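What follows is one structure encoded as structure tokens, with my remarks underneath.
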Amino acid sequence: MRHFLTLKDYSKEEILEIIALGLQIKNELKNGEQKQYMPNKTLAMIFEKSSTRTRVSFETGIFQLGGQGLFLSNRDIHLGRGEPIKDTARVISSMCDMVMIRTFAHSMLEEFASYSKVPVINGLTDSFHPVQLLADYMTMIEHKGADEPVVAYIGDGNNMTHSWMMLAAKLGFELRVATPKGYEVDSGIQAEAEKIAQENGGKLVFTNSPQEAVKGATVVTTDTWASMGQEDEKEERIRAFEGFIVDEALMALANKKALFLHCLPAYRGQEVSEAVLEGAQSVVFDEAENRLHAQKGLMVWLYQKQANR
């Protein structure tokens, strides 16, 4: 059984294969050819964390593939209200063809997957956000930013940072992570990513200086300073992240053709300036659209692997 819980579980070839399939399906759609790769299949979408892009992209995606999505919030099902995760997993996976989960604890996702009879996709956990990285790298390919990239990540050492680390480690490119002191990445995930990077020719650099990270970078990316569930830390984080805004001055240190990425939602004037987000180097809205196409590639890839077992 192939689940998609973290990029750590996938080879470079598999990651690129999924993205290539997503690009193929995207081009077919743009050319008016909408193939039903998953006719009459059902995707259960479990949301413990709400999201604009995750719900719209997965629900639209499975529909365009010929299937149907079922939106299940924690108010709609017994998960989190007393029923063991393993019971929910066995029931839902006996009725649906695939499951996407967006939740808090990564351990919950892992437990669900261990009891599921069908592929499970990580739509986001507090530790990783791998589907976003498929969309990000697809966008880099389309905008010529995937040729020996040097990526600078500026901000919190969160699930996005961890996923960038895994992508760089697996694909073998250079990633520079700049976080404020006290907001560094998880040390265990860092050690794991560094080991994988050494095996694949990747390079991971960690610093507390945004300027050091951005200098000469071909891709600059960031994320919100206070993620869902950290709202009570917002003011403290704004103070701690002073000087970590990706503005015109910081972007000027990057390669002159550098791309700017952001997974959204973006808070203008905090992690990114209005000028950068809306500027010529920003490809964030192409990136947002590519959530749809990359995830369609992922769902079809997983479905085909399952069908061929």
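The values are calculated or read from the model by the stated rules, or taken from the named source; none is laboratory data. Just so it is clear, the structure is predicted and the values come from calculations on it, not from any experiment. Neighbour counts run over all protein chains shown; Cβ positions are idealised from the backbone, glycine included.
When Thr60, Thr54 are checked against the criterion of being among the β-branched types (Val, Ile, Thr), at negative phi and surrounded by 18 or more Cβ atoms within 10 Å (Cβ to Cβ), a single residue qualifies: Thr54.
Contact map, the stretch 43-54: first residue assigned by TED's automatic domain parsing to the domain that holds Thr88 and among the polar types (S, T, N, Q), second residue part of a helix (DSSP H, G or I) and buried (at least 21 other Cβ atoms within 10 Å of the Cβ), Cβ cut-off under 8 Å, separation 6 or more or different chains; pairs are Thr54/Val131; Thr54/Arg291. Among the residues of the stretch 249-268, just one is more than 17 Å from the chain's Cα centre (by Cα), closer than 14 Å to Gly155 by Cβ and either of a type in the set (Ser, Thr, Tyr) or assigned to a loop (DSSP other than H, G, I, E, B) (or both), namely Tyr267. Here are the criteria: (1) assigned to a loop (DSSP other than H, G, I, E, B); (2) free of Cβ contacts under 8 Å to residues at least 24 places away in the same chain. Tell me which single one Ser94 does not satisfy. The one condition Ser94 does not meet is (1). Among the residues that make up the stretch 213-223, is at least one of them under 30 Å from Ser11 (Cβ atoms), within 20 Å of the chain's Cα centre (by Cα) and acidic (Asp, Glu)? Taking every residue of the stretch 213-223 in turn, at least one turns out to be under 30 Å from Ser11 (Cβ atoms), within 20 Å of the chain's Cα centre (by Cα) and acidic (Asp, Glu). Mind checking which residues of the stretch 86-142 are within 15 Å of the chain's Cα centre (by Cα) and among the basic types (Lys, Arg)? The one that is within 15 Å of the chain's Cα centre (by Cα) and among the basic types (Lys, Arg): Arg102. In summary, Tyr153 fulfils each of the numbered conditions (1) outside the structural domain of Val272 (by TED's automatic domain parsing); (2) outside any helix (DSSP H, G or I) with the single exception of condition (1). Given the criteria buried (at least 24 other Cβ atoms within 10 Å of the Cβ), in contact (Cβ under 8 Å) with a residue 24 or more places away in the chain and not assigned by TED's automatic domain parsing to the domain that holds Leu264, does Ala135 qualify? Taking the combined requirement at face value, the residue satisfies it.
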